[in-house]
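S.K.: Let me begin by handing over the structure; questions about it come next.
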Amino acid sequence: EENFTQMRNLAATVVEHFDQLEVRIGELRTSTGSAPAQIDSLALTYPESALVTLRTYPAQISTLLGAAEKAVAEGRSTAATDKSKAVPYARLAEDTVRQARSLVDQISNARAAFEQANANTQKALSSISSDISDAQRLGRGDHVIAARKADAEAAVAYATGNSVDPIRAFNQLTTAENALDAALAAVRSAEENWRRAQQLVERNRAAAHASITEADAYVDRYSRFIPQQARTQLAAAKGSFAQATNTAN
């Protein structure tokens with residue numbers, strides 16, 4: 001019923017909505033004009049390997065905006081005879097513009113994201129090093145621990161190499177440390193496992209809080225277009241985070 005009401009309301013104002021979409025498309029095209037220069041400035045600090053994905057974004061944005069413009073043009077033509085049939089074109093254009101906006105934001109926020117990932121990577125390197133030492137000391141003869149230790153050492157090698165994507169490095173370190181911690185649990189003392197669990201809780205708490213904050217901002221920015229399922233999942237995440245935070249140690 002809610003969805004039907006939204007479609008009916010959009011049909012009544014679909015022409016004005018196309019006007020708004022054209023403004024947003026124009027703004028994004030202007031923003032995209034400086035994107036290559038923004039990425040080039042990052043190359044002064046970060047290796048090219050960290051920028052490979054970002055360098056594909058300007059072309060993707062241009063393609064998305066072209067598709068949005070086409071949807072708007074076809075929607076306007078359809079609205080001239082039937083506004084209700086123009087609604088799908090409006091929704092298609094909205095979704096395409098949203099995708100383009102996301103890529104523009106990722107370029108704009110890339111430096112901050114890299115800096116945060118670098119800081120997280122340094123903490124993760126310090127933390128995983130103790131796990132590798134424990135694996136060397138406690139895991140002799142255990143094939144699972146040996147395999148997890150090798151994965152952890154590979155993650156460290158990548159994170160400390162010359163061509164590093166800091167976001168990828170942090171993700172690899174986190175995955176490798178979680179797996180190695182799980183493999184070491186059986187051979188560590190109860191007190192040691194408790195200490196490690198506390199450290200992992202704090203690290204994962206920070207990561208969860210950052211993800212929830214980012215999702216919250218995204219939903220707030222695109223509130224009109226966010227489906228109820230996404231809002232429900234975000235509310236569940238907030239509830240789980242609050243419950244975990246309030247749980248007694």
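S.K.: Output the peptides 96-107, 79-90, 227-238 sorted from most to least packed, where packing is the average of other Cβ atoms within 10 Å over each peptide's residues.
M.R.: For the peptides 96-107, 79-90, 227-238, the packing ranking is 96-107, 79-90, 227-238.
S.K.: Here is a follow-up. What angle, in degrees between 0 and 90 and rounded to the nearest 10, separates the Cα long axis of helix 52-79 from the longest principal axis of the Cα atoms of the chain?
M.R.: Taking the Cα atoms of the chain, the angle to 52-79 is about 30 degrees.
S.K.: Ignoring everything except DSSP H segments at least 4 long, calculate the 222 nm mean residue ellipticity for the chain; use -39,500 (n - 2.57) per segment, divide by total residues, nearest 500. Walk me through the numbers on the way to the answer.
M.R.: Numbers: 10 runs with 209 residues, N = 249.
Value at 222 nm, helices only, nearest 500: -29000 deg cm²/dmol.
S.K.: Using the Karplus curve 6.51 cos²θ - 1.76 cosθ + 1.60 with θ = phi - 60°, work out ³J(HN,Hα) for each residue of the range 162-172 in order, rounded to whole Hz, and write x for Gly and Pro.
M.R.: For the range 162-172, the Karplus curve yields 7, 10, 10, 8, x, 5, 5, 4, 5, 4, 5 Hz.
S.K.: Just to be sure I follow: if Rg is taken over the C-alpha atoms of the range 107-223 and Rh is the Kirkwood radius over the same atoms, what is Rg/Rh?
M.R.: Values: Rg = 16.1 Å, Rh = 15.4 Å.
Result for the range 107-223 is an Rg/Rh of 1.05.
S.K.: For the range 1-142, would you read off the P(r) tail past 27 Å as a percentage of all alpha carbon pairs? Don't jump to the answer; show the numbers that get you there.
M.R.: Working: 4703 of 10011 pairs.
So the portion of pairs separated by more than 27 Å is 47 percent.
S.K.: Give me the number: length gained by fully extending residue 171 to residue 207, i.e. 0.36 nm times residue separation minus the C-alpha to C-alpha distance, one decimal in nm.
M.R.: Working: separation 36, 0.36 × 36 = 12.96 nm, distance 1.07 nm.
Between residue 171 and residue 207, full extension yields 11.9 nm more.
S.K.: Leaving out ligands and nucleic acids, and using a 1.4 Å probe, what accessible area per residue does the range 119-248 come to in Å²?
M.R.: Computed with neighbouring chains in place, this is 60 Å² per residue.
S.K.: Mind listing the phi-derived Karplus ³J(HN,Hα) values for the range 80-89, rounded to whole Hz, using 6.51, -1.76 and 1.60 with θ = phi - 60°, and x for any glycine or proline?
M.R.: Those phi angles translate into 5, 10, 7, 5, 4, 6, 7, 4, x, 5 Hz.
S.K.: Check which residues have an amide H placed less than 5 Å from residue 222's amide H, if you skip close sequence neighbours.
M.R.: It is none; the list stays empty.
S.K.: Roughly how many nanometres apart are two label points built 7 Å out from the Cα toward the Cβ at residue 192 and residue 242?
M.R.: For residue 192 paired with residue 242, the spin-label model returns 3.9 nm.
S.K.: Identify the residues of the range 57-97 with backbone N under 14 Å of a label point that sits 7 angstrom from the Cα of residue 230 along the Cα-to-Cβ direction, or state none.
M.R.: 91-97
S.K.: Take the Cα pairs of the chain, get the Kirkwood Rh, then feed it into Stokes-Einstein at 25 °C and 0.890 mPa s and tell me D in µm²/s.
M.R.: Values: Rh = 21.6 Å.
Rounded, D is 113 µm²/s.
S.K.: Would you work out what percent of the accessible area of the range 161-207, with all protein chains in place, is carbon or sulfur (probe 1.4 Å)? Spell out each step's value before the answer.
M.R.: Numbers: 1480 of 2560 Å².
It is 58 percent, rounded to a whole number.
The values are calculated or read from the model by the stated rules, or taken from the named source; none is laboratory data. Given the structure is predicted, the values throughout are model-derived calculations rather than measurements. Cβ sites come from the backbone with ideal geometry, for glycine too, and all protein chains shown count toward neighbours. Note: areas computed on protein heavy atoms with side chains; ligands, DNA, RNA excluded. Shrake-Rupley method; radii C 1.70, N 1.55, O 1.52, S 1.80 Å.
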